[in-house]
There are 2 protein chains.
Amino acid sequence: MPSPTLHPDVAHLSFLLGTWKGSGKGEYPTIEPFTFTEETVFGHVGKPFLTFVQRTKDAAGLPLHTESGYLRPVGAERAEFVVSIPSGIVELAAGTVEENRLVLSSTGVHRTATAKEVSATERAYEVDGDTLHWTLAMAAMGQPMTHHLSGELTRS
Amino acid sequence: MPSPTLHPDVAHLSFLLGTWKGSGKGEYPTIEPFTFTEETVFGHVGKPFLTFVQRTKDAAGLPLHTESGYLRPVGAERAEFVVSIPSGIVELAAGTVEENRLVLSSTGVHRTATAKEVSATERAYEVDGDTLHWTLAMAAMGQPMTHHLSGELTRS
């Protein structure tokens, strides 16, 4: 299948496109610090959104975290984000795009009846050449907004 | 990579596992009826949830709808569902599993600032051998809960 033409409405998000592989680390006041390997894919199908899938694994190669969702352009300098997480959480977020940096703050975090409490997140993705740095902070488990995860990935 | 062992907590959902291909049709009081081809994948990674991705295309092979999310077991007869949709919508749902039939009612539908109004959904997935029938009803755009989509897919 030929690759579709990028929709012009997502031109300002195109710096994220690719399959990104690397590693990251996590910490939070309620848990022991940990490390992981990661593959994240930002894709598109020619429509005015980007697809997003993140998968992380532990040192033994066993799956840790995954989440999937979509980035929606809002004009040429902003974006919305929707994502679902198998822990029973869905998030809505919105934020700004400045050159090669996307910063998102949650506008809603909603949970199924059996999910753990997460009340807000802040995500940042910054691309420098073929390197993607990302961070995630969250307010969860009674803690205020606190740094939780970071990763450094290479476009493959 | 060898296929992981199915987590026992999702045994009652395993009838959904597979890559399903086929076609469907849509209707709603606010739109013209339409048809589509579809590929839906229910997968797993050995953890206590199923992954879900749906992709539909029009007669010319161009992408129409897509959504992705996760099914979470709740005991041996119930499940929760989280899903995100590139139109700027996230859904939470819960429901029952009876033999080869999963029926989900939304417990929350949440939207970004630019998304269209959808207030509730009802989804049903029923497997007969290698055939999956699914339906989706929704309350949206001021309409009460109304049939919207159906598909008939074959496990490949």
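The values are calculated or read from the model by the stated rules, or taken from the named source; none is laboratory data. A quick note: this is a predicted structure, and the numbers were derived from the prediction, not measured. Cβ coordinates were reconstructed from backbone atoms using ideal geometry, including for glycine residues, and neighbour counts include every protein chain displayed. Ligands, DNA and RNA are stripped out before the accessible areas are found, and what is left, the full protein with its side chains, is counted by its heavy atoms. Shrake-Rupley method; radii C 1.70, N 1.55, O 1.52, S 1.80 Å.
When the Karplus curve 6.51 cos²θ - 1.76 cosθ + 1.60 is applied with θ = phi - 60°, which whole-Hz ³J(HN,Hα) does each residue of the range A:140-152 get, with x for Gly and Pro?
With the stated coefficients, the range A:140-152 comes to 7, 6, x, 8, x, 3, 9, 4, 10, 9, 8, x, 10 Hz.
Over what distance in Å are the Cα centres of the range B:13-71 and the range A:135-156 separated?
31
For B:ALA124 and B:THR30, what does the FRET efficiency come to when R0 = 30 Å and r is the distance between their Cβ atoms, rounded to the nearest 0.05?
So the FRET efficiency works out to roughly 0.85.
If each Cα of the protein assembly as shown is one equal point scatterer, what is log10 of I(q)/I(0) from the Debye formula at q = 0.06, 0.07, 0.11 Å⁻¹?
The Cα Debye sum returns log10 ratios of -0.19, -0.27, -0.69.
Put a point 7 Å out from Cα along the line to Cβ at B:GLU98; what are the distances to that point in the other copies, in nm, shortest first?
Listed shortest first, these distances are 5.6 nm.
Whole number in Å², please: accessible area per residue of the protein assembly as shown, 1.4 Å probe, ligands, DNA and RNA not counted.
For the protein assembly as shown, the solvent-accessible area averages 47 Å² per residue.
7 Å along Cα→Cβ for the label point: how many nanometres lie between A:GLY129 and each equivalent label in the other copies, listed shortest first?
5.8
With springs connecting C-alpha atoms under 10 Å apart, model chain B as a Gaussian network and identify which of B:THR146, B:THR30, B:THR51 has the largest mean-square fluctuation.
B:THR30
Sort A:ILE31, A:ILE89 by heavy-atom solvent-accessible area, probe 1.4 angstrom, most to least.
Output order, biggest surface exposure first: A:ILE31, A:ILE89.
Of all accessible surface on chain A at a 1.4 Å probe, what whole percent is carbon and sulfur?
Roughly 53 percent, rounded to a whole number.
Relative to the compact globular guide of 2.2 N^0.38 Å, what is the alpha carbon radius of gyration of the range A:1-93, as a ratio?
Rg over 2.2 N^0.38 Å, computed on Cα atoms: 1.24.
Suppose we keep just the alpha-carbon trace of the range A:8-155; what are its Rg and Dmax in angstrom?
14.8, 44
For the range A:86-136, build the convex hull from the C-alpha positions and give me its volume per residue in Å³.
Per residue, the Cα convex hull of the range A:86-136 comes to 72 Å³.
Hey, for A:GLY43 with labels 7 Å out along Cα-Cβ, what do the inter-copy distances come to in nm, ordered shortest first?
0.9
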